[in-house]
Amino acid sequence: MVLGATGAIGQGAVRAAIASGWRVVAVGGNRGELATLRALHPDADLVIRAATITTDTDAERLAALLRRDDRPIAGVIDAMHAGPGRGRLIDQPTDVLRETLEADLLPHLSAARHLIPLLAEAKRGGSYVLIGGPGSEASWLNYGCRSVAAAALRMLANVLHDEAQSLDVRVQMLLVETPMRGEPCAARQCPQWPSGDAIGEQALRLIDREGAAKPARPVVHFARPAVHDVGGVESTAVGTTTKQPVFPDVRTFLKTLLSDDRNEVFPDDTP
């Protein structure tokens, strides 16, 4: 199942799952966009469900609907999109941060609270993958609210990872440390930033439990060529042999935008 299925990452995950022969339940809040998504895959085993998750009640209603379908869910990709969160924290009233957390953090918790038990009921060792973005490890300049929400979402993934083990459900975050191509808030975009399809494909690999013989870590970095078991963080490759730089923080990454040769700064994300 893909939450936020009509967004760029969600559509990428849907395409990857269909290409792998999975049955897919696509969940989104816009019926018109869901119908368009369904029309793009006329021969696929694709079920669309119109639902917007903002509260526990919304998530409980979706879980009840899925139970009535009586077709067990093997995995969930939470690709619900975050808002722009632009601006400095010090310049904005506290209500702005409160509203950001309500919009960009709590819906993920509501979804997890009801869908992780649903995965556990299937007794198939289900997987639950959240998509994380820039700002979770170091602040993203001029995106204060978004950085705080991203850091909170990362910690949420860590907590859920621990708590869901007793239910035999593996919870992980796929952390994308650069903006995504096509993201509205990224004014100066680079062709080497990951696409929604590349992120969706990597998320599906986690659902498929690629590398299951190794201990699962709560946070998996997107598009790094090596595996580092440091501080509960795992990094995964996406099929490229290009040596890829690792930026220690978002501030360093943003400074590289002024580089004379951006092709040397940003890796090719082609899977």
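Read-outs throughout are calculated quantities, based only on the coordinates presented, and are distinct from any laboratory measurement. In this text the structure is predicted, and so the values were computed from the model without any measurement. Heads up, the Cβs are rebuilt from the backbone with ideal geometry, glycines too, and the neighbour counts pull from every protein chain shown.
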For region 94-110, Karplus-derived ³J(HN,Hα) couplings (6.51, -1.76, 1.60; θ = phi - 60°; whole Hz; x for glycine and proline) come out as 4, 4, 5, 5, 4, 5, 5, 5, 5, 8, 10, 10, 4, x, 5, 5, 4
A correct fewest-to-most ranking of Ser20, Ser166 by other Cβ atoms within 10 Å would be Ser166, Ser20
A student applying the Cα gyration tensor rule (rounded when a/c is under 1.5; otherwise prolate if a/b is larger than b/c, oblate if not) would label region 21-146 prolate
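Does region 56-125 come out rounded, prolate or oblate by the C-alpha gyration tensor, with a ≥ b ≥ c the root eigenvalues, rounded set by a/c under 1.5 and, if not, prolate when a/b is larger than b/c and oblate if not? Write out the running numbers ahead of the final one.
Numbers: a/c = 3.75, a/b = 2.91, b/c = 1.29.
It comes out prolate by the Cα gyration axes.
Please identify every one of the trypsin sites (Lys or Arg not before Pro) in region 7-112 that sits in a loop by DSSP and has no more than 16 other beta carbons within 10 Å of its own beta carbon.
Details: sites: Arg15, Arg23, Arg31, Arg38, Arg49, Arg61, Arg67, Arg68, Arg86, Arg88, Arg98; in loops: Arg23, Arg86, Arg88.
Here the trypsin sites (Lys or Arg not before Pro) that fit, given the DSSP loop and packing criteria, are Arg23, Arg86, Arg88.
Mind sorting Leu130, Leu156, Leu62, Leu106 by how few other Cβ atoms lie within 10 Å of their own Cβ, fewest first? Walk me through the numbers before you get to the answer.
Numbers: Leu130 27, Leu156 20, Leu62 24, Leu106 17.
Ascending number of Cβ neighbours within 10 Å: Leu106, Leu156, Leu62, Leu130.
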Once amide hydrogens are built 1.01 Å from N within the peptide plane, the residues lying 5 or more places from Met173 or on another chain with amide H under 5 Å from its amide H are Leu130, Val219, Val220
Counting only residues 5 or more apart in sequence or on a different chain, those whose built amide H sits under 5 Å from that of Val25 are Val2, Val47
